[in-house]
Amino acid sequence: MKKIVESYKRKLASEDGWVLKRGAQLRIALCYPNVYSIGMANLGFQAMYELFNNIPGVSCERVFLPDAGTTPSVSEGSTSTRALPDGRAIAPRRARMRALPHGKASDTEFSRNSSGYHVTNKKPLSSINEFAEYERLGTPLLSLESQTPVRNFDVIAFSISFETDYVNMVRMLQMSGVPVWSKDRTEHDPLIVMGGAASFLNPEPIAEFTDVIGVGEGEILGAKLVDAIVESESKEELLLSLARQGRGFYVPFLYLVSYNDDGTVNAYTPTEEGVPARIGRAISAENPKEGSLRRAIRRGQTDIVEQLKRDEVFAPSTTIFAPQAEMGDRFLVEISRGCSQGCRFCWAGYNYWPPRVVPARDILAKAKAWRAKTDKIGLVSTAVCDHPEISEILQGLRAMDYRISVSSLRLDQISDELLDALVESRDQQIAVAPETGSDRLRRVINKNLTNDEIVDICGAVFDRGMLTIKLYLMVGLPTETDEDLEEMIKLVERIKDRMLEAGKRFGRAGKIIPSLNGFVPKPNTPFQWEALCEEKELKRRLKWVCKNLARIPNVEVRAMSARIAHEQALFSSGDRRVAPVIEAMARLHGDLRAALRETGIDPLFHTSRTRSHDEILPWEIVDAGLGRPFMEREHERAHEARSTAPCPSVNQCTRCGVCPTTWLAEAPPALVQLKAFASAALVSG
Ligand code: SF4
């Protein structure tokens, strides 16, 4: 135990910004189900740490999966690469800046550690193998700040961005000595809470491990949860009061799930009066709507601009400076949430509608405060260039001499100004996402760009002397044919030719790095009814594309495995019956095949079945606000290769159903206000 404590203290000594509040009324162990280096790069995790600790009387400490010796580094293309929550597997740079509370992931490369659990491949920060030390001594899992056993906390709250971390989550519960299944826990055990992008997209695979699941955005839910805990006399009273709020909290044990003879969900039946049939998504509503702000700026309506740019915006940003962690030497700040485009494979787009922004003023003020600590800044957003004030932000940051990097670049929105800023900072390899190789298939996924436009955009990057570019591509999309794959090869060749042409002027050649990922259909997207491409067929397509790309000079292809795509699909689209597989994997060192054998679960039922529009989908227990007719229409339009205009992100729109149901009309005021700090005052210190 001494070695573990020393290892934790070394980590704390390398950080700046952590807190330890003694004598708190409520103690929360905030768990990230992966190792320290990757957890600290997650902005949602850091935001919750800040929010909880800002509440008087509440102390929040961090807990991570212990560091362990990693197996030799695997690149994408190994079986351990993991996928983005939007249906695409991860591509390295972007995933590393995986800060969003909505978890648009990073592409850090992953492996299984010596114990079989998913970890990042980056250097472990501990000089000892913490994992082995825990196992050798049987020490219960400890918190980082005070090295207190996690089971001694009042609340154990997991922040989960990726389905593939479910196994780590269960393993951490096992290591804590807390009963894994909620039905086995008593009044004396800590309350187990799950939040984060993956857990509210489809909570069902983890429902039976959990006492309560946060449905929506943490800025709203954190303080609400604390209020309810402090005001309740018993666990039973607490869970009932949370469930009855109707929005934001899902208490799985208060619902009975019945199934049809064919195995599909028949109904979710609340077991107590006042518990809603479905749980509404809670969203942070004070941030101005992107489209409304853009329009007001364009029209010179300064009074409206000022009204939209309120001063109460909470922008998740780096709280703890941890230079030794992934991305730890840079200040990360979320500049916007949600993406207007509505790409039909991308859950992050739909599930964070409406798109909202943090005003430039707030971003620049935070950046100024951090400049003494670092000259590197990462702008976190699903669509950086959509920000109506992006020009002001870039100018302000350049004036502060920041080296700027971004979490993702949307091809249709790349501006000369942003490219110049990225080139100047020399801090980032440019990565763009054509997604596929044919214009037809791009209309199917509602990504409205042509191959000509993509080649031109890449050319603008090359002409600035950045001759290496990464391309995110997906294989196995609905309606994909071999002709689409052939077009993918041709597109990469054209981009390579354009790079060589620009390279002549600079006297050198660069590299094209296609990153191939298997498409995984995600809940709450128009592709939620689609089957995953059958494993053997997906393998064939990936192999064919890899082989043909590898023949092109100056092209270095990377690819995920078909098997990983299937594992992700099981956890993202499964129902409650998948939980025993997760529990078994946690015991069996991450061995999925052994877990499936032991539990007898048929994974193909959950992954490889085309669902009918009449079916009740397991994740529909959550009402994300997206209307069924809208989603079904989008699904049909995909099969007709018809594109749809982006979300306008303005007031009074009713098109997809999100704004009228989650924000403007019927939402209880207390749940749509971003008043985390105000309501926190209810808890005495
Ligand atoms: S209702 Fe309209 S503005 Fe609101 S998220 Fe849907 S499409 Fe966008």
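The values are calculated or read from the model by the stated rules, or taken from the named source; none is laboratory data. Computed from a predicted structure; not experimentally measured. Neighbour counts run over all protein chains shown; Cβ positions are idealised from the backbone, glycine included. Surface accessibility is based on the protein's heavy atoms, side chains included, excluding ligands, DNA and RNA. Shrake-Rupley method; radii C 1.70, N 1.55, O 1.52, S 1.80 Å.
Which of rounded, prolate or oblate describes the range 323-400 when judged by the alpha-carbon gyration tensor and an a/c cut-off of 1.5? Here the range 323-400 falls in the oblate category. Remark: relative contact order (the chain) = 17 percent; criterion is Cα-Cα distance under 8 angstrom and separation of 6 or more residues.
Roll a 1.4 Å probe over the protein chains and send me the accessible area per residue for the chain in Å².
Numbers: 23370 Å² over 685 residues.
Result: 34 Å² of accessible area for each residue.
The per residue volume of the convex hull around the alpha-carbon atoms of the range 346-390 is 89 Å³. Computed 3J(HN,Hα) for the range 438-446, one whole-Hz value per residue from the Karplus formula 6.51 cos²θ - 1.76 cosθ + 1.60 where θ = phi - 60°, is 10, 4, 4, 5, 5, 6, 4, 8, 6, glycine and proline marked x. Note on Gln301 and Glu534: the extension gain reaches 78.5 nm, defined as 0.36 nm multiplied by sequence separation minus the Cα-Cα distance. Per-residue ellipticity at 222 nm computed for the chain from its helices equals -10500 deg cm²/dmol, with DSSP H segments shorter than 4 residues left out and the rest contributing -39,500 (n - 2.57).
For the chain, with all protein chains in place and a probe radius of 1.4 Å, 50% of the accessible heavy-atom surface sits on carbon or sulfur.
For the range 500-657, what value does the Rg/Rh ratio take when both radii are computed over Cα atoms and Rh is the Kirkwood radius, given to two decimals?
A ratio of 1.08.
Computed over the chain, the P(r) tail beyond 46 angstrom holds 12 percent of alpha carbon pairs. Shown are Trp370, Trp347, whose ranking by accessible area with a 1.4 Å probe and every protein chain present, most to least, is Trp370, Trp347. In straight-distance terms, cross-link reach from Lys504 covers every one of the lysines whose alpha-carbon lies under 16 Å from its own, apart from those fewer than eight places away in the same chain; here that gives Lys496. Across the range 232-247, coupling constants 3J(HN,Hα) worked out from phi with the 6.51/-1.76/1.60 Karplus curve, θ = phi - 60°, read 9, 7, 9, 4, 4, 5, 4, 5, 5, 5, 5, 4, 6, 5, x, 9 Hz, and Gly and Pro carry x.
As a length-normalised measure over Cα pairs under 8 Å and 6 or more apart, the relative contact order of the range 522-600 settles at 24 percent. Quarter the surface of the alpha carbon convex hull of the range 547-603 and you get the mean projected area, 5.3 square nanometres. For the chain, the Cys residues with no second cysteine's beta carbon closer than 4.7 Å are Cys31, Cys60, Cys339, Cys385, Cys458, Cys533, Cys546, Cys647, Cys653, Cys656, Cys659. Our coupling estimate for the range 160-175, obtained by passing each phi through the Karplus curve with A = 6.51, B = -1.76, C = 1.60 and θ = phi - 60°, is 10, 9, 10, 4, 5, 8, 4, 5, 4, 4, 5, 4, 5, 5, 4, 5 Hz, Gly and Pro reported as x. Straight-line cross-link partners of Lys235 among the lysines, defined as a Cα under 17 Å from its Cα and at least 8 positions apart when in the same chain: Lys183, Lys224.
So which lysines pass the test for Lys11, namely a Cα distance under 19 Å, with those fewer than 8 places away in the same chain ruled out? Candidates past the 8-residue exclusion: Lys2, Lys3, Lys21, Lys122, Lys123, Lys373.
Based on the mean of other beta carbon atoms within 10 Å per residue, what is the order of 160-169, 649-658, 9-18, 429-438, most packed first?
160-169, 429-438, 649-658, 9-18
Classification of the range 160-230 by its C-alpha gyration tensor yields an oblate form. The axis ratio a/c (a ≥ b ≥ c) is 1.5 or more, and b/c is at least a/b.
Taking all protein chains as they are arranged and a probe of 1.4 Å, the heavy atoms of Arg508 leave approximately 120 Å² accessible to solvent.
Using a probe of 1.4 Å on the protein chains alone, the accessible area found for Trp544 is around 80 Å².
Note that the range 146-292 shows a convex hull volume over its alpha carbon atoms of 160 Å³ per residue. Once backbone amide H atoms are built at 1.01 Å from N, Phe331 has Lys376, Ile377, Gly378 as its partners under 5 Å, excluding neighbours fewer than 5 places away on the same chain. For the pair the range 582-629 / the range 398-450, the C-alpha centres are spaced 33 Å from each other. Computed with a 1.4 Å probe on the full set of protein chains, the accessible area for Asp184 sits at about 80 Å².
Along its first, second and third principal axes, ordered by size, the range 228-383 spans 57, 42, 36 Å in Cα coordinates.
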